[in-house]
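The structure appears right after this line, and notes come after that.
The values are calculated or read from the model by the stated rules, or taken from the named source; none is laboratory data. What you see is a predicted model; the values in this text were computed from it and never measured. Cβ: placed from backbone, ideal geometry, glycine included. Neighbour counts: every protein chain shown. These area figures cover heavy atoms from the full protein model, side chains too; ligands, DNA and RNA do not enter into them. Shrake-Rupley method; radii C 1.70, N 1.55, O 1.52, S 1.80 Å.
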Amino acid sequence: LTSNFFRKYISYARSIHPVLSIGAKAIIQEFYLNIRKCINGENSSISVTTRQLGSIIRLCEAKARCELREEVTKEDAMDVLDIFRASMIDMLCEEQGHIDISRSSKGGVKDIRRFVSALTVEGKRSNKTEFHMTEMLTIAERIGLAIPSFDEFVEKLNHQGFILKKGRNIWQIQSGTSSQA
């Protein structure tokens, strides 16, 4: 492929805005509802959020766009969900490839809710949205959060969209996160 052809392809692909077919919607909805039912119980340490649902939909649209199609097919949705499942398995697998559910328990849903709530309260009290890692650690200690690896917990919060890394050891709480938690 020439670079000129590739530029034209990208330009044209960006002009396409695929919509989900009824089949794709059904597959995504079924997957999302089933996975939430399975892992979002009160004691679950894994969380599936609407942000992840949005990501799944955007990936489906991107796949259709790459193939220059106006509609997201059932097959697009199944391919994206296969990738999502694989990433969830990767997250739970240890180095030898065995599934270790404890890898997901370094800060379960209850811990996340408590911490995000405390971070939000502190942000409102001090009229700020950005926190240094040491400030967040102090807040975690103040609420009695017992996390084996605070760095991993913070990365999990970032991955799930509760906080956003703004710089070296600086994190910003995302607006509306206390309602997501």
**Request:** Find the centroid of the Cα atoms in the stretch 4-29 and in the stretch 119-136, then give the distance between the two in whole Å.
**Result:** 40
**Message:** Using 0.36 nm times the number of residues separating Thr138 and Ala26, minus their current alpha carbon distance, what extension gain do you get?
**Reply:** 35.9 nm
**Fill in**
Within the stretch 109-126, the residues whose backbone N lies under 11 Å from a label point placed 7 Å from the Cα of Leu53 along the Cα-to-Cβ direction are none
**Set of the stretch 54-88 residues, backbone N closer than 11 Å to the point 7 Å along the Cα-Cβ line of Val19** = 71-72
**Complete:** Simple spin-label estimate for Lys110/Glu67, 7 Å along Cα→Cβ, in nm, reads 4.5
**Largest to smallest accessible area among Cys38, Cys66 [probe 1.4 Å]** = Cys38, Cys66
